[in-house]
Amino acid sequence: MNPPPILESGVVPTKPTITASTCCYCGVGCGVLIEHDGERILGVQGDPDHPANFGRLCSKGASLHLTGDVDARARYPELRLGKTPARSRTDWDTALDHAATVFADTITAHGPDSVAFYISGQLLTEDYYAFNKLARAMVHTNNIDSNSRLCMSSAVVGYKRSLGADAPPCSYEDIEQSDCLLIVGSNMAYAHPVLFRRLEAAKAARPQMRIIVVDPRRTDTCELADLHLAILPGTDVALFHGLLHLLLWEGWIDRAYIDAHTQGFDELKLLVRDYSPASVARLCGISLEELQHCARLISSAPTFLSLWCMGLNQSTAGSAKNSALINLHLATGQIGKPGAGPFSLTGQPNAMGGRETGSLSNLLPGHREAGNPEHRAEVAAYWGVEQLPVTNGLSAVELFDAVHDGRIKALWIACTNPAQSLPDQQKIHEALSRCPCVVVQDAFATTETCSFADLLLPAASWGEKDGTVTNSERRISRVRRAVTPPGEARTDWSIICDFARRLEQRLRPGRPSLFDFTSPEALFEEYKGLTAGRDLDYSGLSHAVLEQLGPQQWPFPPGARQGTPRLYLDGRFSTADGRARFIAEPYRAAKELRDARYPLLLNTGRLRDQWHGMSRTGTAAQLFGHAPDAVLGLHPDDLRQRQLRHGDLVRLRSRRGSLILPVHADEALLPGQAWLPMHWGNRFLKGLGINVLTQPAFDPLSKQPELKISAVDVEKVELPWQLFVLIEGDVQRHFNELRPLFENFAYANLSLAGRDRPALRIKAAHSRAPDAEWLARIDRLLGLHEGAVLAYDDPHRTVGKRLRIEDDRIVALRLAGETLARDWLQSLWEEGRFDTELRRWLLAPLSAQPGGDTKPSKTLCNCLNVSENSVCAGIARGLDLSGLKHELKCGTSCGSCVPEIRRLLASRPMAV
Ligand SMILES: Nc1nc2c(c(=O)[nH]1)N[C@H]1C(S)=C(S)[C@@H](COP(=O)(O)OP(=O)(O)OC[C@H]3O[C@@H](n4cnc5c(=O)[nH]c(N)nc54)[C@H](O)[C@@H]3O)O[C@H]1N2
Ligand SMILES: Nc1nc2c(c(=O)[nH]1)N[C@H]1C(S)=C(S)[C@@H](COP(=O)(O)OP(=O)(O)OC[C@H]3O[C@@H](n4cnc5c(=O)[nH]c(N)nc54)[C@H](O)[C@@H]3O)O[C@H]1N2
Ligand code: SF4
Ligand SMILES: [Mo]
C-alpha cells in the first residue's frame, strides 16, 4: 500500500482511514481494504480476513486506486432537449422530473411495455431490488433485463432445469479439495485470477490433483493443466455426451446415486449411445486417446469438480452445454460432497445478486418466475399491489430489437454499456439513435452509450456506495462507502427511488409510496423477506449480521449462525419430487457456419488487465502495459496462407460489419480460428467496436447470444499514411479533444502509456495524407505548434516529425507520414532520456531509428513493472521461475503474470 502522503510543508496529514469493502470487478468477490482520507482513495490492499481471497488481489484489484480518473467521471446530470447535438448541465430536480414526465407520458400514451430498463450485474443487490420493484410493481412491465443475459443466463437455465433451482452448489474450498477439475470454457487465469492463485497453491500442495482444461485456445489457464483438450468451438455438448458414453461403456457411473436421486437417465442413455468415441473425437477435433484419457481422469478421481464460464454460456447451445455438463456430475454421483460438483463461475461482481432479485425479464425476486401466476401473486401481495404484469418481458437482444423498430420509446440504461457490449453493434447504434428517450445512469461519462444519452445521470461508483453483493460461491459481502462521489454524482439506489417517487406522483397520485426507502439497508430489509422459504432463503441476514459475522453464503435462514457452504448433501434437489433431472439434448452445430467468403471463426473474450468496455480500467495507464492495442490473433499458418505479416493492418469482416486493425501471429490458436479481445469499442478503436462483427443469434431457452462464434475473413489493407502521437499529462482532456479528429480515418487506436506520468498514445493510418490544416490542428492540440519544439518536415515525402522537449525529456511527439521510429521514441520517453542521437535522427530524411530495432516490450508484471524483454533476457541467462522472481521480482506481488512466465520458460529452454 502507498505510504501516507506528505504535504509540502512536511506535515503528514491526519492518519488515513481504512474501509473494508469488496472489489468491483469479477465474480470472485475479493475483500479489499480501501485506504482513504474521506475524499480521495489512496491505496487498496487485499482483505486478509475475507474468505474469498484471504488478502490476495489480482492485477486489476490491486490497481483499483489508480483507476477512475475524475476527468472521465460523470459528475453532473446533463440533459438534451429535442435532438440537439449537445447536452447541457442541469440539476437533479430538473433531470428526474423530466425523466418522470417522459416515462409517464409514454406509458399513458403507449402502455407500460413501451418503456424498458436495461441494467447490470455490476449493480448492488439493493439497487437491483429498487429497479425490479419500479419496473414490475409501478410501471407494470416485465421489460427489465440485464447484461447478465449476455453472461449467466445459460447457467441459470442449466441449474434450474437440471437441479431445480439456480444455485451453484459448491464453495471455493471445493476447488482446492477436488481430485479432478474440469475447467471448460473458462480462462480463469485471466478472468478469475485470485481463484486461479488458490488453485495453483492447491495443486502445488497436492500435485496428484488432476486438471483438465477444455478450450479451443491454449490460454494461460492451460499452464496448470495435465490435459488440454483444444476442441473445435461450439462442440462441448458432443464432448460431454462422448464422455458419458465412455463412462457408461466402462461401467464408471454411479448407478446407486442415479437410482436414488435422479430422473430421466434412460432417455439420456439412449441418446449418448450415438456418441461413439470415434465420432465424438472427430466432431471435437481431438484424438481418441485424448477423449479416453479425459474420461479416465474423471472416473478414477475420488472427487470431480467442474468450473465453467463464457465458453459454455455464450452460445446458441448454452443451455444444452450447461445441462450436458451437469449430466456428468449426476451420472457419477459427483455432487453434494466436498471437492465435487458443477460450479459455474460468475462473471460480474453481483451477477448472482441479479439472479436472486429477479433481474432478468423472465424472473422475479427470490428465484421466482415472471411467467408463474402463483409467483406473481406472492410478489404482488408482498408489495401490496393488485397484480404484476403478465406479458413476457423482452430479453437483451429482443429488447434492443424493440427499440430499433420503435416498440420501445423510452429506455433506461444503468451500469452497462450496450453500445459496446451487445452483439451486432450496427443495429444497436441505430436503435439507440432512433429511440426518442435514452436515459443513461453511469459512473463514467466516456462510454459509447453515453454518447446516445438524452439524459445522463451521474452515478456513484466503487468506493462511494453502500450495499451488498453475492459472489460465485453464493457468498454475500458488504460493499462499503469510503469517499464521497465526485461532483453531484449519486448512488444508484437513491437515483432510482427518487425517480420512482416522481413517477408515482404522475401515475398513481394520492396512494402511499412504494419507494419510501431512506437507505440501502431499508431496501435489503424489505427485499430479504421475498427470499424467505425459497431455496436461497437469506431472510436471516441483515447488514448488521454481515457486520457482525462477516461475509456469509446463502441459504442463511432466520436463526442461522453461519452460512451454507454446500448444497444437496442429502441428494435432495429443489424439484417437486426432490430428484435431479438428466437432460437429453443432442449436439447441435453453432448457428453461424463458415463458408468460402467467411472461412475463419472469430472467438472473443477477456484480457488479463482490462475490464469490459474499459470505462474504469481504461483510465489507468499501467493497465495498458500488458496489451496496449486491439490486435487480431491468427494462427501463423493462416497468416502465411494470406501472405500477411505479424503487425500488418487488415480489414476483418463478418456478415454484419467490418473493422480495421493489426493482425498478430498467435500460436495459442488452432488454424482456422481468429481471436479478438472483447474490450475495444468505438472510443478506443475507430469503428463500431469489436461487436460490430458478432452475431445476435441466441440460445432458444436462455436467450443468451452467441458471442464466441462469428464467421469472418481478413484481407490486407494498404494504408500508407501513418500517424503516431504521444502526449503526456491531462489524458482525458487530450482524449476528448483528439478522438473526434479521427472520425474519417480508416484506422485509429487510442491507448494510454507509461506509469507515473501517464500519456495518451494514438496510432492511426489512412490511405492518403490529410490536409495541412488537419495536421496543424493536431499540433495545436498537442502544443507542438510553438515554443521548445524540434521539427522536421519533408514536403515531398510528406514525412513530418515534431517533438516537444521540457527539462531534457520528451513530453509530446507527433510523427506523420511514416512512423518507423515510434517504438524507439516511446522507449526514450518512458525512460525520460534525451538521447543525443535524437537530433541526428530528427534531421535525417528517413526517420528510421538509430541503434537498430527497438521492439515494443509488453509489461508482464504490472505490480513491479517488469517487461517481457527483461524476463526473456533473464531466461536466456539461465534463470528459472524462482530465479526470475528473486532477481527481477516479477510475479512476487499479485501473481497474475506467473502463468505467462511459466509459458515463456517452457517455450524458451534455458541457456545451458
Ligand atoms: N480481466 C478480466 N476479468 C474478467 C472480466 C473482464 O472483463 N476482464 N469480466 C468478467 C466477466 S463479466 C465474465 S462473464 C468472466 C468471463 O470469464 P471467461 O469466460 O473465463 O472469459 P472469456 O475470455 O470470455 O472466455 C473464456 C474462454 O472460452 C473459450 N471458448 C470460446 N469458445 C468456446 C467453446 O465453444 N467451448 C469452450 N469450451 N471454450 C470456448 C475462449 O477461448 C476463452 O478462453 O470474466 C470476468 N472476469
Ligand atoms: N464480443 C463479446 N462481447 C461481450 C462479451 C464477450 O465475451 N465477447 N461478454 C459479455 C459479458 S459476459 C458481459 S458481462 C458484458 C459486459 O458489458 P457491459 O455491461 O457493457 O460492461 P462494462 O464496461 O463493465 O459496463 C459497466 C458500465 O457501468 C459503469 N459503472 C461502473 N460502476 C458503476 C456504478 O456503480 N453505477 C453505475 N450506474 N454505473 C457504473 C461503467 O462505467 C460501465 O460503463 O459484455 C458482453 N459482451
Ligand atoms: S480476482 Fe481480481 S478482479 Fe476478481 S474480485 Fe479478486 S481482485 Fe477483483
Ligand atoms: Mo459477464
Completion exercise
Dividing the surface of the Cα convex hull of region 289-340 by four yields a projected area in nm² of 4.1 nm²
Exercise for the section: May I ask you to list the lysines whose Cα is less than 28 Å away from that of Lys885, ignoring any residue fewer than eight positions away on the same chain? Expected result: Lys60, Lys203, Lys855, Lys858
Exercise for the section: Divide, for region 138-214, the radius of gyration over alpha carbons by 2.2 N^0.38 Å, where N is the residue count. Expected result: 1.45
Handout entry: Amide N proximity, region 785-819 versus Thr836 label position 7 Å along Cα-to-Cβ, cut-off under 19 Å
Key = 808-810
Practice task
Give me Thr518, Thr106, Thr17 ranked fewest to most by other Cβ atoms within 10 Å of their Cβ, as a rough exposure proxy.
Solution key: Thr518, Thr17, Thr106
Practice task
Mind running the shape call on the chain? Use the C-alpha gyration tensor, a ≥ b ≥ c as the square roots of the eigenvalues: rounded below 1.5 for a/c, prolate if a/b tops b/c, oblate otherwise.
Solution key: oblate
Problem - Order by protection proxy (mean Cβ within 10 Å, highest first), peptides 559-567, 414-422 - result: 414-422, 559-567
Practice task
Please say if region 349-478 is rounded, prolate or oblate, where rounded means a/c under 1.5 for a ≥ b ≥ c the square roots of the C-alpha gyration tensor eigenvalues, and otherwise the choice is prolate for a/b larger than b/c and oblate otherwise?
Solution key: oblate
Fill in the blank from the handout: Among beta bridges assigned by DSSP with both residues in the chain, the antiparallel ones amount in percent, to the nearest 5, to 65 percent
Completion exercise
One finds the C-alpha centres of region 859-877 and region 233-281 to be spaced, in Å, by 46 Å
Practice task
Take peptides 177-185, 119-127 and line them up by average Cβ neighbours within 10 Å, highest first, as a rough protection proxy.
Solution key: 119-127, 177-185
Problem - Neighbour-count order for Thr447, Thr604, fewest beta carbons within 10 angstrom listed first - result: Thr604, Thr447
Practice task
Treat the count of other C-beta atoms within 10 Å as a stand-in for reagent exposure and order Ser154, Ser893 from fewest to most.
Solution key: Ser893, Ser154
Handout entry: Neighbour-limited loop hits for GluC sites (Glu not before Pro), region 679-749 (at most 11 other Cβ within 10 Å; DSSP other than H, G, I, E, B)
Key = Glu718, Glu743
Problem - Rg(Cα)/(2.2 N^0.38 Å) for region 434-507, N = residue count - result: 1.31
Completion exercise
Percent of all alpha-carbon pairs of region 80-151 at distances over 22 Å, whole number, is 36 percent
Completion exercise
Taking the square root of 5λ for each eigenvalue of the C-alpha gyration tensor of region 40-79, the equivalent ellipsoid has semi-axes, largest first and in whole angstrom, of 29, 11, 9
Exercise for the section: Give the peptides 107-115, 749-757 in descending order of average Cβ contacts within 10 Å, highest first. Expected result: 749-757, 107-115
Problem - Cα-based Rg / Dmax (Å) for region 721-842 - result: 13.4, 39
Exercise for the section: Only helical DSSP H runs with n ≥ 4 go in: add -39500 (n - 2.57) per run for the chain, normalise by residue count and round the 222 nm mean residue ellipticity to 500 deg cm²/dmol. Expected result: -8500 deg cm²/dmol
Handout entry: Rounded if a/c under 1.5, otherwise prolate or oblate - region 153-344, Cα gyration tensor axes
Key = rounded
Completion exercise
Kirkwood radius from Cα pairs of region 859-907 plugged into Stokes-Einstein at 10 °C, 1.306 mPa s, gives D in µm²/s equal to 156 µm²/s
Problem - Residues of type lysines that Lys133 reaches as a straight line, Cα spacing below 26 Å, ignoring anything fewer than 8 places off in the same chain - result: Lys160, Lys409, Lys465, Lys528, Lys703
Handout entry: Kirkwood hydrodynamic radius of region 600-694, Cα pairs, Å
Key = 13.7 Å
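Values in this text are rule-based calculations from the coordinates and carry no lab data. Quick caveat: nothing in here was measured; it's all calculated off a predicted structure. Here the Cβ is made from the backbone with ideal geometry for all residues, glycine too, and neighbour counts use every protein chain on show.
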